[in-house]
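Structure first, commentary second.
The values are calculated or read from the model by the stated rules, or taken from the named source; none is laboratory data. Note that the structure is a prediction, hence the values are computed from the model and not measured. Glycine also receives a Cβ, built like all others from the backbone with ideal geometry; neighbour counts cover every protein chain displayed. Heads up: the accessible areas ignore ligands, DNA and RNA and are worked out on the full protein's heavy atoms, side chains in. Shrake-Rupley method; radii C 1.70, N 1.55, O 1.52, S 1.80 Å.
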Amino acid sequence: MKTCKAVATAVCIAVSCTGLLAGCRTEDDAMYKTYTPSEEAILPLGRTYYADDMRWCAYSGTGAAFTFTGAKAEITIVGDKIAETPDNEANYARIAVYVNEERVVDDQMDQPEKTYTVFPADATQEATVRIVKLSECAMSTIAIKQIAVESETGIRPAQPRPRLIEFVGDSITCGYGVDDEVAEHHFSTATEDVTKAYAYRTAQELEADYSMVSISGYGVLSGYTNNDRLQPHQIVPRYYPKLGFSNGTFGETKPSALKWDFARQPDLVVINLGTNDDSYCQNDAQRQADFAAAYVEFLKTVREKNPQAPILCTLGIMGDRLYPSVEAAVAAYTKETGDTNVSAMKFDVQQQADGYAADWHPTAKTHEKAAARLAEEIRNRYGW
């Protein structure tokens, strides 16, 4: 997928490059300034990793945001080893760039490095630029390598929003297949877009920052299975304390090898897990009890890392059979720990009338309804 969109103040140009190539200004221009994406220059979005003067992004929605006053901005992105593999559209990282909330770049990293001219304006003006990884962590990662602007004052980090929501989930949170509304089609990063999923939409509705911790096919007790066998390695709790999980690497470093620092504490943690566990548990009472017990242990981990944040446990968009087990886990956790700041909410199950995306995942319409439901619950329950 390589699409560029012309708008009133921004036109995107995607080029393969090993540096700043055609159409880029030279270092001799006094107005032209280049930056590495350190926190002095940008606001990180989600769990990112700054190393070797680059900001690596794995999870859905990760990226960076900055503001500047000027007439031009160029962004250089690099891919991981996945980007070097030919004909690998189903796994290439998908990215977007927004200028003043208008998407001007929508592309896949199918080359080791690309530079995008995202803001060629006719006159100097203020702009906020956001770089967002649309696809999930497991298949591939990217790094923001360099930001260059034509500006007297340079760039500064975008302002963080007053609240932060951490969303913990699976393919639903990732926006799996949302751009492919044919249920019989299968996974591809080219059709995955976290910005159309319920979690991102909820954060936007509540004017909150977000952090996604979501991996397709993963659960609490078991990952997705079609052979009735427990998949104990495909579980989110295993990676929750880490920067992420990916088949791609940050140079030679795996995201799962890096601990997350939890420095910016969320104002709310929303957990939406259990859909993949249901493929293993089904109607087996013992397996459902095992799921609830594993959920209790995961809640303890989430609370350890986030001492003050309310935790809202959700389930139901792709099926609600395990929701009573989620409620049981919340009750058991509260009884054991005395922590009353954990609650549960059931999503409505997706409706045939709203269609189905790839592999029977939620469509944009279903995600829109789920976001409205969740935002209303958060407002009512927490007074936002």
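Taking the Cα centroid of region 159-203 and of region 256-299, what is the distance between the two, rounded to the nearest whole Å?
18
Ranked highest first by the average count of other Cβ atoms within 10 Å around their residues, in what order do 163-172, 344-353, 305-314 fall? Can you show the working numbers first?
Details: 163-172: 24.9, 344-353: 15.1, 305-314: 18.6.
In descending order of packing, they fall as 163-172, 305-314, 344-353.
Considering only Ala65, Ala331, Trp260, whose Cα is most displaced toward the positive end of the charge dipole of the chain, charges sitting on Cβ of Lys, Arg (+1) and Asp, Glu (-1)?
Ala331
Taking the Cα centre of region 290-333 as origin and charging only Cβ (+1 Lys, Arg; -1 Asp, Glu), how large is the dipole, in debye to the nearest 20? Mind showing how you got there, number by number?
Values: 4 positive and 5 negative charges, 28 e Å.
The calculated dipole for region 290-333 is roughly 140 debye.
At 1.4 Å probe radius, can you tell me the per residue accessible area of the chain in Å²?
I get 41 Å² per residue for the chain.
Return the long-range amide H neighbours of Tyr50 (sequence gap of 5 or more, or a different chain), with a cut-off of under 5 Å between placed amide H atoms.
Those qualifying (amide H under 5 Å, at least 5 residues apart or on another chain) are Trp56.
Carbon and sulfur atoms: what percent of the 1.4 Å accessible area of the chain do they account for? Before the final figure, lay out each step's value.
Values: 7380 of 15570 Å².
Summing carbon and sulfur atoms, their accessible area is 47 percent of the total for the chain.
Over 30 Å between C-alpha atoms is what I'm after, so list which of Lys81/Lys196; Lys254/Lys346; Lys300/Lys346; Lys254/Lys335; Lys133/Lys242 land there. Working shown, then result.
Values: Lys81/Lys196 27 Å; Lys254/Lys346 35 Å; Lys300/Lys346 21 Å; Lys254/Lys335 38 Å; Lys133/Lys242 18 Å.
Result: Lys254/Lys346; Lys254/Lys335 exceed 30 Å.
Quick one: go through region 41-82 and flag any residue whose amide nitrogen is under 19 Å from the point 7 Å out along the Cα-to-Cβ line of Thr301.
47-48, 58-60
Report ³J(HN,Hα) in whole Hz for each residue of region 370-380, in order, from the Karplus equation J = 6.51 cos²θ - 1.76 cosθ + 1.60 where θ = phi - 60°; Gly and Pro get x.
5, 5, 5, 5, 5, 4, 5, 4, 5, 4, 5
At 7 Å along the Cα-to-beta-carbon direction for both Glu84 and Ala183, put a label point, then send me their distance in nm to one decimal.
Inter-label distance under the simple model: 4.2 nm.
List every residue whose amide H lies under 5 Å from the amide H of Gln231, counting only residues 5 or more places away in sequence or on a different chain, with H placed 1.01 Å from N in the peptide plane.
Answer set, sorted by chain and number: Gly223.
What are the ³J(HN,Hα) couplings of region 218-227, residue after residue, when phi is run through the Karplus curve with 6.51, -1.76, 1.60 and θ = phi - 60°? Round to Hz, x for glycine and proline.
9, x, 9, 9, 8, x, 4, 9, 10, 10
Using a Förster distance of 35 angstrom, determine the FRET efficiency expected from the C-beta separation of Met31 and Asp52, and round it to 0.05. Write out the running numbers ahead of the final one.
Values: r = 27 Å, r/R0 = 0.78.
Efficiency, rounded to the nearest 0.05: 0.80.
Grab the Cα-Cα distance for Ser343 and Arg381, subtract it from 0.36 nm times how many residues apart they are, and report the gain in nm with one decimal. Please list the in-between numbers first.
Details: separation 38, 0.36 × 38 = 13.68 nm, distance 0.96 nm.
So the extension gain works out to 12.7 nm.
What ranking of Trp56, Trp260, Trp360 comes out by heavy-atom accessible area, probe 1.4 Å, highest first? Don't jump to the answer; show the numbers that get you there.
Details: Trp56 15, Trp260 60, Trp360 125 Å².
The ordering from most to least exposed comes out as Trp360, Trp260, Trp56.
Considering the chain as a Gaussian network with a 10 Å cut-off on Cα pairs, which listed residue, Thr153, Thr36, Thr334, attains the greatest mean-square fluctuation?
In this elastic network of the chain, the residue with the biggest mean-square fluctuation among Thr153, Thr36, Thr334 is Thr153.
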